[in-house]
Structure formats: structure tokens, C-alpha cells
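Written below as C-alpha cells is the structure these notes are about.
Please treat every number below as a calculation from the coordinates, not as lab data. Please read these numbers as outputs of a predicted model, since none were measured by experiment. Cβ: placed from backbone, ideal geometry, glycine included. Neighbour counts: every protein chain shown.
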Amino acid sequence: PPSGFKEAYQRFAKSLVQVGEGGGEDRLLGLGFEWLLETNPYRAADNRIQARLYWRGVPLAAAQARLFTRRNGQIEETLLTTDEAGRVWFSPTPGSELLLNAVQMQQPSAKFPAPAGSAWISYWTTITFALP
């Protein structure tokens, strides 16, 4: 509907923070909609990062994603699409702050409950990190 509707939504957010030399790795936290960085961005030898998108614990193929990169006060947006295994790849520039996000829309149902009168429910996932 163009107007007079309600939307329900849920947001699932993660941030990676480098401590010391940046060892360690991202892991699944069991969120309903979640990014997993399969490459440690602080240790990527070729600066190429692999991320996988999970919807209800299963990799999500053919999903649109957006990567927002902020560097020197400028923001660049890159559109990505997950492959058949739910993966995307990108090569950020050192000194950047990054936000990778995806949105999943569902009609309310027993499987996707939402407050009465909601036209849809949207699920948002983000992962943020900054590179030195």
C-alpha cells in the first residue's frame, strides 16, 4: 500500500573491533539474520574479504547486499549479491570504516509473526568494522 500502513521490523547488528594485533575471528552468534566475516579483515593478506550471509542459520543465496565505505569523510556505496553459498567478496581500502548490510522482507504469517495490521516485516542485518 502507498500509505496508511504499518511496518514491523527487527535489526540484527554486529561490530568487529580490533584489539592488539587483530587476532581472532568472527563467529556466528545465532542471530536470526547475520553476517559472518569468513576472512579476518585485520589479517587479510591480499586485503580481500569474504563474508557470508545467514538467514535463520542457513546461508542465503542471491540476496542483495550493500557495502558502505567511509574514508576521508566520503561515503561510497557498493551493491553486492550473494552467490549460491551466501557469500560476497570485497577489497576495502586501508583507513576505511565499513558497514555491510542486507534486508529481508516477509509478509506476516505464523512463520513470520508481526503486530496486527502490519503490511510486512523487514529484517535488517549489519556488520561494521574499521581498518587501520
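Fully extending the segment from Thr128 to Met105 would add 6.1 nm, taking 0.36 nm per residue of separation and subtracting the current Cα-Cα distance.
The local environment of Thr126, defined by Cβ-Cβ distances under 15 Å, has a net charge of +1 under the rule Lys, Arg +1 and Asp, Glu -1. Note on region 49-105: Cα-Cα pairs beyond 13 Å make up 60% of the total pair count.
Reported to two decimal places, what Rg/Rh ratio describes the chain when computed on Cα atoms with Rh from the Kirkwood expression?
Values: Rg = 16.2 Å, Rh = 15.9 Å.
Reported Rg/Rh, Kirkwood definition of Rh: 1.02.
For region 1-99, GluC sites (Glu not before Pro) meeting the loop criterion (DSSP other than H, G, I, E, B) and having at most 16 other Cβ atoms within 10 Å: Glu21, Glu25, Glu38, Glu84. Using the Cβ-Cβ distance between Arg43 and Trp120 with R0 set to 35 Å, the FRET efficiency works out to roughly 0.35. In this structure, the amide hydrogen of Lys14, modeled 1.01 Å from its nitrogen in the peptide plane, lies closer than 5 angstrom to those of Thr126, Ile127, Thr128, counting only residues at least 5 positions away or on a different chain.
Note on Lys6 and Ala85: with the Förster distance fixed at 30 Å, the Cβ-Cβ geometry gives a FRET efficiency of about 0.30. Based on Cα atoms of region 69-132, Rg over Rh with Rh as the Kirkwood radius reads 1.12. The stretch between Arg70 and Val19, if pulled fully straight at 0.36 nm per residue, gains 16.3 nm over its current Cα-Cα span. Within the chain, DSSP assigns beta bridges of which about 80% are antiparallel (rounded to the nearest 5).
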